[in-house]
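Written out below as structure tokens is the structure these notes cover.
Only the coordinates and a few stated rules stand behind these numbers; no lab work does. Because the structure is a prediction, the values reported are computed rather than measured. Here the Cβ positions follow ideal geometry from the backbone for every residue, glycine too, while neighbour counts run over all protein chains shown.
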Amino acid sequence: MRISISVQEQPFDTGAEIAALTSGDRGVGAVASFVGLVRDANDGSNIAAMTLEHYPGMTEKALQDICATACQRWKLLAVRVIHRVGRLVPTDAIVLVAVASAHRGDAFAACEFIMDYLKTSAPFWKKEETTSGSRWVDARESDDQAAERWKISDKR
Amino acid sequence: MIKLLYFASLRERLGTGTESFELSAGIATVAMLRDALAQRGDVWEALTTMRNLRVAVNQTMVGFDTRLKDGDEVAFFPPVTGG
């Protein structure tokens with residue numbers, strides 16, 4: 001199992017990351033990926049930019065734990081997670097989760113699982129710059145529910 | 001001594017991101033630590049009034065009944081909003 005985690009300020013190249021994920025592994029039959037972007041609007045306000053803060057050390061550990069859990073639950077060949085920190089503007093990519101497996105079912109499910117758990121258990125915080133000042137983003141209950149459903153649903 | 005960390009909106013309210021703290025005999029759990037810090041008054045009361053305060057001990061999210069020992073790293077923060 002190959003798990004690779006990066007927390008970085010620099011942008012990433014999704015195509016290059018997926019190519020690296022599968023490079024030389026003839027067993028890979030499926031790659032599912034998710035890319036999260038900065039939107040220009042949130043909760044009724046225009047967003048000019050946002051700054052992502054994190055907890056160095058715990059962040060990498062939390063992401064590693066989430067990916068390890070996914071690897072126990074599904075048959076995966078490789079996982080790549082990149083999360084950016086610092087100041088980002090609309091259209092910037094924030095996060096990449098890419099999962100390689102032999103068959104699509106494992107890749108699809110694990111990719112969604114990793115994103116849902118990342119949202120509720122990886123220590124990142126967003127502060128938005130709106131036209132009326134800056135504000136910390138509130139956690140959404142829907143994110144907790146998204147993570148919660150993986151506990152009750154049967155293994156897919 | 002233990003190391004305390006504060007993040008995001010909580011860090012801004014407290015005006016500090018980190019401090020060293022002497023773990024006295026009366027502080028056995030995270031909840032007791034939180035209450036002791038809140039007793040500093042003023043902005044520190046946020047630790048007991050903030051909704052959904054989260055805590056990590058040694059970089060793992062835990063419950064407030066978690067026991068503390070010398071050398072621990074304890075972080076308080078609001079619910080996470082990454083992704």
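Go through chain B and tell me which strands (runs of 3 or more DSSP E), entirely inside it, have 1 or more residues that are touching a residue at least 12 places away in the same chain (Cβ under 8 Å) and crowded, with 19+ Cβ neighbours inside 10 Å.
B:2-6, B:54-57, B:73-77
Please give the strands (runs of 3 or more DSSP E) falling wholly within region A:63-156 in which 1 or more residues are of a type in the set (Asp, Glu) and buried (at least 19 other Cβ atoms within 10 Å of the Cβ).
In region A:63-156, the matching strands (runs of 3 or more DSSP E) lie at A:124-130.
Taking the conditions exactly as written (closer than 22 Å to A:Val99 by Cβ, surrounded by 13 or more Cβ atoms within 10 Å (Cβ to Cβ), of a type in the set (Gly, Ala, Ser) and in contact with a Cys (Cβ under 6 Å, 6 or more places away or on another chain)), does A:Ala20 satisfy them or not?
No.
What are the residue pairs meeting all of these: first residue in region A:113-138, first residue facing another protein chain (nearest Cβ under 9 Å), second residue among the basic types (Lys, Arg) and surrounded by 19 or more Cβ atoms within 10 Å (Cβ to Cβ), Cβ atoms under 7 Å, and 6 or more apart or on different chains?
Close Cβ pairs satisfying both conditions: A:Val137/A:Lys126.
Given (1) of a type in the set (S, T, N, Q); (2) within 15 Å of B:Ile2 (Cβ to Cβ); (3) more than 8 Å from chain A (Cβ to nearest Cβ), where does B:Gln59 come up short, assuming only one miss?
(3)
Tell me which residues, restricted to region A:1-52, are among the basic types (Lys, Arg) and within 14 Å of another protein chain (Cβ to nearest Cβ).
Selection gives A:Arg39 alone.
Exactly one condition in (1) farther than 28 Å from B:Thr60 by Cα; (2) of a type outside the set (Phe, Trp, Tyr); (3) surrounded by fewer than 15 Cβ atoms within 10 Å (Cβ to Cβ) is not met by A:Pro56; state its number.
(1)
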